[in-house]
Amino acid sequence: MNFPILPNEFERVIRLSEYDLDYTELESQFKDLTKLAAKVTGTEISLVNLIDSFTQWSVATHGIDPLQMPREDSVCTYTIMGDEAFEVKGLAMDERFKDKFYVVDDPKLNYYFGIPLKDDKGFNLGALCVMDKEVKDLSAEKIELLKIIADEIVNRLRIILTVQQLKSSMKEMKHTNKKIAHDIRGPLGGIIGLAQIIKEQGDDNKLEEVLQFIQLIQKSGKSLLELADEILSDNFQEAKKQSINHQTDLNLTLLKEKISDMYQVQAKQKDVNLIVEIKGNNVEVPFHKNKLIQIFGNLISNAIKFTPSNGMVSVMMSLNEDAERKELLVNVKDTGKGLTKTQISEILEGKAKSQNGTGGETGYGFGLPLVKHLVDSMNGNLQIESELNEYSSFSVTLPV
């Protein structure tokens, strides 16, 4: 069966990645709204679902435990195809959904009503949906109330994004202030030191030496003046604005925990052994989150997808740090079907094609191009090694 894909799907998943969301930490943000949606419609279940390249994440739920599923199994995949609500009266009779686990097994759902979560740029990030065992007939008033709740969910996502930007802005300002102080100390220290030499030598100063000292003082003073001009210039202010992105602090220990929490479910569903390890000693050194979960999550989901049952996906992380920069190194390796040289070239060129997984999972063809896009945008590096029917290894190096 073919599953629906938006014509601008790649742009949509890029837009979702810009929110830089941690799907495991959103329950408290939307729990009240899922409860309200269920009460308004009189349904047993309500969910706020966000849909990325591979997965539907139920980030808040009412009447059912939080869950995640391959997006091809979700009804909300159809909801995000349009601008209006999507309704299914009789999931058990619909060819698209009658064999899904939530229809065949508990809770044996038979009714669905979903509203796309459209952000201010026109992208459907996911859906607010209500579900029930019994078919419902929602009035126009109830549907309008659901649309208002969906709008509030989008508003809160926008607030989350804004707060992240503000936090990042404050951190960037602190970083800029430290850099300015460091840049000023050099020439200012030179001026003070040269003046001290002239003072100490007193009458012993020779005219030529004094002139050389004065020239050096002028150089240092000019450096300070140029720095002041740069700080006051529109270009400097614009550069500060451009540097703002949506970041919060992580370290290797926290990153390992988040990856394990988020993707062990997918691995267990397919009976794949997911191992996440840290190499080196810099386990507590902080770095910015900045889309790391989106990058590595897509790589891990892709690895699980192309690894057969009883196979293994290993994630190795390390952090190199020196006085100038921090560099995060992550390797994701699987014991799956492998890649041809042509496929590797297509991935590195951002032209990866859709393929079905080893368990018949639908391939959408957007996960690896998104990874390549994000790594390139962060001035990172992606390397791929593979042997057909043996393994694939994706190594990412990122400045953080």
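Just a few scattered comments:
- Criterion: of a type in the set (D, E, K, R) and within 31 Å of the chain's Cα centre (by Cα) - qualifying residue of K147, K136: K147
- Tally, over the stretch 270-299, of residues that are over 23 Å from the mean Cα position of the chain (by Cα) and either in a helix (DSSP H, G or I) or of a type outside the set (D, E, K, R) (or both): 4
- Among residues that are touching a strand residue (DSSP E or B) at 6+ places or on another chain (Cβ under 9 Å) and either farther than 29 Å from L161 by Cβ or surrounded by fewer than 23 Cβ atoms within 10 Å (Cβ to Cβ) (or both), I300 is not included.
- Among the residues listed as A92, A60, A127, A85, the single one being in contact with a Pro (Cβ under 9 Å, 6 or more places away or on another chain), surrounded by fewer than 19 Cβ atoms within 10 Å (Cβ to Cβ), aliphatic (A, V, I, L, M) and modelled with pLDDT of 95 or more: A85
- All of E27, E18, E44 fail the test of being surrounded by fewer than 21 Cβ atoms within 10 Å (Cβ to Cβ), under 19 Å from the mean Cα position of the chain (by Cα) and either over 18 Å from Q68 (Cβ atoms) or outside the structural domain of F97 (by TED's automatic domain parsing) (or both), apart from E18.
- Qualifying residue in the stretch 96-111 (condition: touching a residue at least 60 places away in the same chain (Cβ under 8 Å), over 25 Å from R15 (Cα atoms) and surrounded by 20 or more Cβ atoms within 10 Å (Cβ to Cβ)): yes
- Criterion (among the aliphatic types (A, V, I, L, M), modelled with pLDDT of 90 or more and assigned to a loop (DSSP other than H, G, I, E, B)) met by exactly one of L382, L328, L319, L339: L339
- Of the residues in the stretch 300-310, none is under 23 Å from the mean Cα position of the chain (by Cα), in a strand (DSSP E or B), among the small types (G, A, S) and in the same structural domain as I384 (by TED's automatic domain parsing).
The values are calculated or read from the model by the stated rules, or taken from the named source; none is laboratory data. Small disclaimer: the values here were computed from a predicted structure and weren't measured. Note that we place each Cβ from the backbone using ideal geometry, even for glycine, and neighbour counts take in every protein chain shown.
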